[in-house]
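Following: one structure in structure tokens, then a few remarks.
The values are calculated or read from the model by the stated rules, or taken from the named source; none is laboratory data. What you see is a predicted model, and the numbers here were worked out from it, not measured in a lab. Positions of Cβ are generated from backbone atoms using ideal geometry, with glycine treated the same way; all protein chains shown enter the neighbour counts.
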Amino acid sequence: MAGLIESNRNAFKEEAYELLSELEASLLELEEKPDDKELIGRVFRAMHTIKGSGAMFGFERISRFTHEVETVYDLVRNEKMSVTRELVDLTLAARDIIRCLLDASDEDDASDINHAEEIVAALRRLVSSGEGPQPACVKAATQTKSADTAGNPPSSPVTYRIRFRPPSSIFHRGIDPLCLLDELKGLGKCRIVAQTRPVPLIDEIDPESCYTYWDAILTTERGIDAIKEIFTFVEDGALDIVVISKEGEPDDADSYKKLGEILVEQGDLAFDDLSKILSEQKKLGELLIEKGLIAPDKIETALMEQQHMREQKELRQKAEAASSIRVASEKLDGLVDLVGELVTVQARLSQHASLREDPELLLISEVVEHLTADLRDRTMNIRMLPIGTTFSKFKRLVRDLSQELGKQIELTTAGAETELDKTVIEKMNDPMVHIIRNSIDHGIESPETRREKGKPPVGTIHLSASHSGGSVLIRIQDDGAGLDREAIRAKAVEKGLISPESELSEKETFALILAPGFSTAQKVTSVSGRGVGMDVVKRSIDTLRGQIDISSSKGEGTTVTLILPLTLAIIEGLLVRIGEDHFILPLSVVKECVELTQDDANEAHGRHIANVRGRIIPYIKLRERFGINGSVPAIEQIVIAEIGNDNIGLVVDAVIGEHQTVIKSLGTFYKHVEGVSGATILGDGTVALILDVSKIATMAEAEEKSLLQHLNKP
């Protein structure tokens, strides 16, 4: 029993954390659009759900505290109070208190209680201070409204049966009934049938009179008053509105009402006539028409309603069937580990089958390979999440820090739908926080300074994400002061990071800010200036096997690009061999493979460059870099990889082919070996190292530059 209670409490916590994230996003949006009824409703519903579920699962303090905030938003929802910046500030603070109470092991923590009481007192003062200015969309207070109106719609869809009989003189007033019906369609999913039986013969028709009336079935989230408002100017016409279904009501029947039931309900058929006809064996609709008891168009109306309700039920069933379930992260991680082991075993099976040359075994091996690849892809997709969930968290950070520093900053986003492995998303949160804090503190100027420079007083931080091959590019871009190249260089010389004679490119100079303890800030603030942050960013991104690229224009702004792998578990790799050793290159960076003969090497006169279809490609001999002994084959292979906008070749003895690579972390002893990002197990049980191509290229470039500087010294 105790285990069940604890399980329910944990389920409530998971739901509450999600609701708090949605609440924060809604509040930040509400601050920009204080009159938005939908946003106000979202805030109220989040508070209401947390309050109700909290009380159910024993979180009494959370329930009582949330009730106080919910009460205020009930006033806002009923247009008795307007949304102000102060109210949003207090609600965000209340949201943080609820989060702290959820995180705390003891719900009665004294500091949280005191803070909660302060917020409740401030909210009560805000309510008692007066209603404040009403939003422009609010009608005069003297106007009364039904609880089920167009302005305050019900929370779930309702299906109505509507019969509209306009007066015959409606055309004389310039009113087109079809326009009214089009407005009715705009309220939700709607089906309409025109009843034309009352139309007389052509010789008797008055072209200025209306003889037709209409039956409609409407499913809408709007209230009944929204329907009535459409027909306000046709008061002398007959308008019958009947609720025939509400979402959430018990729905145990296999099908909707029978045709006869609908006709009797509409008043188009007497119950006695229905009973008499049912005793015959023909279809009910056919019998009714044959007996002249009802017109064909009225049968069509009833059939339309029946079909409409059947479709609505199917839609609800599909939605329920497609509903998601919560799965603990540990279970997903365990599934990925098992899939990784399966991929390794499948590689061993494929290798064994090829050696045996048994056709039946080869066939089984191919089937297992296809199934394993499909299982791997589906498992990886389960772990993929849209990065927008992370982007939304930073709106609060930008809002609070900009207020603290007296700056005006707007956060914009793009590519929020870009998907990334959940593990990568979790681990990149802290690096992005550091980068955004630096942009706010060091990058974007104060409103006064921006005006003096001819910039708008409101600065912008733009977050964007996009796919690029097997990687995701995340850019944090600001329109602030930009990086001062000379100041960075001077600070680096002062700290001994570079010598005064060093010649650095712009990219290399900007990369210096990633060094530990590096800061050009003139003073230490509560936000930054202590020389910690960007080195933490670099270590975190290195752990993710990612890269950082920094570009900046002085006076215009800075862009930090994070290049991250899609997943940390399984990648497509290219298996290569050097001597008796095997290595894996990430297939996402590989462009092509070309041969390197001894004659090609001699033509370069000792320089490590190759002419590939008129392009000069520098290359690195991995045999020399890794100190692998043995004879060099007459024809080597150059694997050309794309690093950023540059191409570089890696020379190996042979290219084996593509390989599904299960990434295994290196032991503590090899953890800091540069140029190697992990290892994998091959089909024969041997280990192959996974190479960090970008790091190898950077190391080779630095060594070459150091050698040139040494040779040029007098």
TODO: Need at least 1 residues that are within 30 Å of Leu504 (Cα to Cα) and of a type outside the set (A, V, I, L, M) per element, so show me which strands (runs of 3 or more DSSP E) inside region 612-714 make the cut, counting only ones lying wholly within it.
DONE: 615-621, 635-643, 646-652, 676-681
TODO: Tally the residues that are loosely packed, with under 14 Cβ neighbours inside 10 Å and on the phi < 0 side of the Ramachandran plot, restricting the search to region 496-509.
DONE: 7
Open item on the list: Give all pairs with beta carbons closer than 6 Å in which a residue from region 160-175 that is assigned by TED's automatic domain parsing to the domain that holds Phe231 meets a residue that is in a helix (DSSP H, G or I); count only pairs at least 6 apart in sequence or on separate chains.
Closed with: Pro166/Pro177
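Can you confirm whether region 53-70 contains a residue that is under 12 Å from Leu19 (Cβ atoms) and of a type in the set (Gly, Ala, Ser)? Spell out the reasoning first.
Within region 53-70, the first condition is being under 12 Å from Leu19 (Cβ atoms), and the residues that meet it are 53-54, 62, 66.
If we keep only those that are of a type in the set (Gly, Ala, Ser) too, we end up with 53-54.
So far as region 53-70 goes, yes, one or more of its residues are under 12 Å from Leu19 (Cβ atoms) and of a type in the set (Gly, Ala, Ser).
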Open item on the list: With the requirement that a residue be farther than 21 Å from Ala11 by Cα, in contact (Cβ under 8 Å) with a residue 40 or more places away in the chain, of a type in the set (Asp, Glu) and assigned to a helix (DSSP H, G or I), what does region 39-91 give you?
Closed with: Glu68, Glu86
Open item on the list: Whether any residue in region 377-392 is surrounded by fewer than 13 Cβ atoms within 10 Å (Cβ to Cβ) and among the charged types (D, E, K, R) is what I want to check.
Closed with: yes
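Test Gly285 against the criterion of being within 23 Å of Tyr213 (Cβ to Cβ), at pLDDT 75 or above, exposed (fewer than 12 other Cβ atoms within 10 Å of the Cβ) and in the same structural domain as Val242 (by TED's automatic domain parsing), and give yes or no.
Values: within 23 Å of Tyr213 (Cβ to Cβ): yes; at pLDDT 75 or above: yes; exposed (fewer than 12 other Cβ atoms within 10 Å of the Cβ): no; in the same structural domain as Val242 (by TED's automatic domain parsing): yes.
Spelling it out, it is not the case that Gly285 is within 23 Å of Tyr213 (Cβ to Cβ), at pLDDT 75 or above, exposed (fewer than 12 other Cβ atoms within 10 Å of the Cβ) and in the same structural domain as Val242 (by TED's automatic domain parsing).
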TODO: Would you mind telling me which numbered condition in (1) among the aliphatic types (A, V, I, L, M); (2) part of a helix (DSSP H, G or I); (3) modelled with pLDDT under 85 Ala140 fails?
DONE: (2)
- [ ] Pick out, from region 340-422, the helices (runs of 4 or more DSSP H) lying fully within it that include 2 or more residues that are farther than 30 Å from Pro457 by Cβ and not small (Gly, Ala, Ser).
- [x] 359-382
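Considering only residues that are among the hydroxyl-bearing types (Ser, Thr, Tyr) and assigned to a strand (DSSP E or B), which ones fall in region 556-583? Even if it seems obvious, please write down each step before you answer.
Just the residues of region 556-583 that are among the hydroxyl-bearing types (Ser, Thr, Tyr), to begin with: 558-559, 561, 567.
Thr558, Thr559, Thr561 - these are the residues of region 556-583 that are among the hydroxyl-bearing types (Ser, Thr, Tyr) and assigned to a strand (DSSP E or B).
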